[in-house]
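Working notes, beginning with the structure itself.
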Amino acid sequence: MIGDAPVTRIGFVRMSVAAVLVTLPVIAIVSSLLAWWPTLPAELPAQWSGDEVVSRLPTFFFAGTAVVISGAAAAFAWHAALSPRSYERHRRVFLISGSVAAITAAVWLISATVVRNPDQEIGAAGLLAIAALFYGLVPFALAPTNLPAEEAEEPDELEVKPSETLAWSRTQVVPIFAWATVICVLAAIIFGYLPLILAGVEASNLSVAIVTSLLAVMFYAGARIRVTVDLRGLRALSATVGIRLVSVRLAQATSARATNLEPLRWGGWGYRVGPRGKALVLRGGPAIVVTLRGGAEVAVTTPDAEQAVSVLRALQRRNAA
């Protein structure tokens, strides 16, 4: 069963490395705490309005809380790595715990660094917090999927009469991009727009707000994708903004197959271009892979990839006849 896929040696190593990545933030917190403790004041800044500190917390409480939160996130990650009954479920653990641990470490490091270096501007340090929001994507991407790559059932053969119309379509929500969209919107509001409304331009980090707003639009475009196979060929469109992401005409394709695609084999998530060809990687698992004239490949991950390939092959045979 997929949910109880056996743990291979490579899979175990990748799960362990993913857990190590989630552990790095707590190591950074503890290491900096031991190195900086003699120079830290009794209280650390906990909240800013622009570059002005508006609230403080006792250093011991601040550090202890950071260690506990990041340590708990690391513990969840190691539990997932050492008992991988379901890779997909544990990959989500890495995604969430990695970001929680990184955000906690970023808050601690920003506060401790600013108090030790009064000339440090909080606005620039805030970019570290933005990057930490996406840190969980790294162990999430590294952890293996349930399905072994390049293994899938051969799709059924369909026959289409000249007078018949045949098409296939599937719309899918992409959790990783939907999650990233929400994070970017929240970051833009918290760091930029809300301070701008409440306290004016000086309290707002507009550069962060603009960057995260642009990222939110990009992620939103990939949060819902519609994949179709019809007489026009294989197409993938953003169902949120209507942008065409992949288009392969029937005449361009020499063959098509269904496979179980692992994102790291194509360079990660999103629209990928590499030596093998092009790919729209939305998640690990079933995918359509079309081979073009000249040998390049175009891959699109989508549920029911076998059905899509059956339709594509049937349309190719009818055109050839």
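No value in this document is a laboratory result; all are computed from the given coordinates. Please read all numbers here as calculations on a predicted model, not as lab measurements. No Cβ is skipped: glycine too gets one built from the backbone with ideal geometry, and neighbour counts run over all protein chains shown.
Just to confirm a number: summing +1 for Lys and Arg and -1 for Asp and Glu over residues other than ARG249 whose beta-carbon lies under 10 angstrom from that of ARG249, what do you get?
On the way: positive: ARG232, ARG235; negative: none.
So the surrounding residues net to +2.
For GLY233, list long-range residues whose amide hydrogen, built 1.01 Å from N in the peptide plane, is under 5 Å from its own amide hydrogen.
LEU250
Report the dimensions of segment 250-304 along its three principal axes from the alpha-carbon atoms, largest first, rounded to Å.
Over segment 250-304, Cα extents along the principal axes are 27, 25, 13 Å.
Which length gain, in nm to one decimal place, applies between ARG276 and LEU231 when the Cα-Cα distance is subtracted from 0.36 nm times their residue separation?
Numbers: separation 45, 0.36 × 45 = 16.20 nm, distance 2.54 nm.
Extra length from ARG276 to LEU231 when fully extended: 13.7 nm.
So what J values fall out for segment 61-67 if you push phi through Karplus, 6.51 cos²θ - 1.76 cosθ + 1.60 with θ = phi - 60°, rounded to Hz, Gly and Pro as x?
Couplings: 5, 4, 5, x, 5, 4, 5 Hz.
Based on the mean of other Cβ atoms within 10 Å per residue, sort peptides 226-232, 102-108, 132-138 so the most packed one is first.
102-108, 132-138, 226-232
Please list, short to long, the whole-number percent of alpha-carbon pairs of segment 233-279 in consecutive 5 angstrom bins beginning at zero.
All Cα pairs considered, the percentages come to 5, 15, 22, 28, 22, 8, 0.
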